[in-house]
Amino acid sequence: SQPLVTNMRMLNTNRQLHQISSAAQYVGLQKDTGLPEFDANVFASHRPDAHWVVVEEGVLKARCSLWWHHAPPIPSGKAGLIGHYAAADDDSAATLLECACRQLAEQGCTFAIGPMDQNTWRNYRFVVDEGDRPRFFLEPVTEPQWRQQLRRDGFAEIAWYCSALVEDLTVRCPRLSRVRERMDAIGIRIRTLDRNQLDSELKQIFAIVQLAFQDNPFYVPVSEADFLEMYRPLGHAIPTELILLAEHDEKVIGFIFAVPDLLQAKRELPIDTVVVKTFGVLPGRAHAGVGQVLLEEVHQRAANAGFRNAIHALVREAAHMNRIVDRYGISFRRYALFGKELG
């Protein structure tokens, strides 16, 4: 494709910006070794409003997607999103971010948020405190220089998250005994997800997340069809023994999603850790505490299956969530979402 915008900073006469509108336009671009792999076919499912790459002498040096339609609401003004972000060097990052912020402002956005791949249903956040543990399954890939590139461009941290390691899967909260008694009394039971009825199960989970997550920061609803498209492949590809559903009168009222840390096998290590990705419960006093019961149930079933540890992954840092993290584990990595006022 021909360059649509030249490098406005003139850092290098061989550096150009290209707007990419299809996966086919990536063909023929040699990728810098400092960039991670990127599946260009995500254009079809993530539907960015624009996608930009920085190319220097035929080599792809940086990339990002932009969204300004259907971005999350903010208290004042209009948000725009920067996602699919990666930059091999600081000069290419500066060129890319200048272009991205300019286009978002031209579209009426007053605040840029990133990294976020379309919405919080997909990858978002950068690691800001690495800790000493290797990356775990389903954890987004980020590089330390990326957060520094955003900071140099005027972005600041606007939300924080953490992952915690649970080394004792037998820890129990005494007050949950009453919750379990109430669940037994009214007939709430816990079962595993039925892979043979995957679409039906996912539709019931979708009905829960629509209500349970609607007050989360930066939440944007998605259609049931999009939800199924995102999670149907995962449901067929991973073990489901630790995906649990809480059911009342044959209706799913809560769920928890946990999966073995499959990246341990790639490091030629025994898989002894489960990753607890998310859980949710329908609102209402009758369901109070069911989420934590599901969490302890996952811990217990994992221990019975021979797992030694659990990771509570990518937990939003908020008072009620911090109490749960502190009860069972110790935080080992922090993440942040970044934002910038657009002039």
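Can you give me the ranges of the strands (runs of 3 or more DSSP E) entirely in the stretch 57-149 with at least 1 residues that are surrounded by fewer than 23 Cβ atoms within 10 Å (Cβ to Cβ) and charged (D, E, K, R)? Break it down stepwise before answering.
Numbers: elements: 59-67, 79-87, 111-114, 126-129.
Because the criterion is at least 1 residues that are surrounded by fewer than 23 Cβ atoms within 10 Å (Cβ to Cβ) and charged (D, E, K, R), the strands (runs of 3 or more DSSP E) in the stretch 57-149 that meet it are 126-129.
Going by the structure shown, is THR170 of a type outside the set (D, E, K, R) and over 28 Å from ASN119 (Cβ atoms)? Even if it seems obvious, please write down each step before you answer.
On the way: of a type outside the set (D, E, K, R): yes; over 28 Å from ASN119 (Cβ atoms): yes.
Yes, satisfied.
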Point to revise | Selection within the stretch 60-81 - touching a Phe, Trp or Tyr at 6+ places or on another chain (Cβ under 8 Å) and basic (Lys, Arg) | key: ARG63, LYS78
Practice item. With the checklist (1) open to solvent by 10 Å² or more (accessible area, probe 1.4 Å); (2) in a strand (DSSP E or B); (3) not small (Gly, Ala, Ser) in hand, flag the one item GLN300 doesn't pass. Key: (2)
Practice item. Could you tell me whether any residue of the stretch 158-176 is part of a helix (DSSP H, G or I) and within 21 Å of VAL274 (Cβ to Cβ)? Key: yes
Check your understanding: Looking only at residues in the stretch 168-205 that are within 19 Å of ARG301 (Cα to Cα) and basic (Lys, Arg), which one is surrounded by the most Cβ atoms within 10 Å (Cβ to Cβ)?
Key -> ARG180
Review point. Which residue out of GLU241, GLU268, GLU247 is over 30 Å from ASP132 (Cβ atoms), open to solvent by 10 Å² or more (accessible area, probe 1.4 Å) and of a type in the set (D, E, K, R)?
Key: GLU247
Study note, to complete from the structure: Scanning the stretch 303-313 residue by residue, the ones that are among the small types (Gly, Ala, Ser), open to solvent by 10 Å² or more (accessible area, probe 1.4 Å) and not in a loop (DSSP other than H, G, I, E, B) total 1
Practice item. Output the qualifying pairs, or none if there are none: Cβ atoms under 7 angstrom, residues six or more apart or on different chains, first residue in the stretch 307-318 and of a type outside the set (D, E, K, R), second residue open to solvent by 20 Å² or more (accessible area, probe 1.4 Å) and assigned to a strand (DSSP E or B). Key: ASN309/LEU165; ILE311/LEU165; ALA313/LYS277
Practice item. Sort out which residues of the stretch 281-306 are within 28 Å of LEU269 (Cα to Cα) and free of Cβ contacts under 8 Å to residues at least 60 places away in the same chain, and write them in order of number. Key: LEU295, VAL298, ASN304, GLY306
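The values are calculated or read from the model by the stated rules, or taken from the named source; none is laboratory data. None of the values given here were measured: they were computed from a predicted structure. In this analysis, Cβ positions are derived from the backbone assuming ideal geometry, glycine residues included, and neighbour counts consider all displayed protein chains. To get the accessible areas, we keep the full protein, side chains included, count just its heavy atoms, and leave off ligands, DNA and RNA. Shrake-Rupley method; radii C 1.70, N 1.55, O 1.52, S 1.80 Å.
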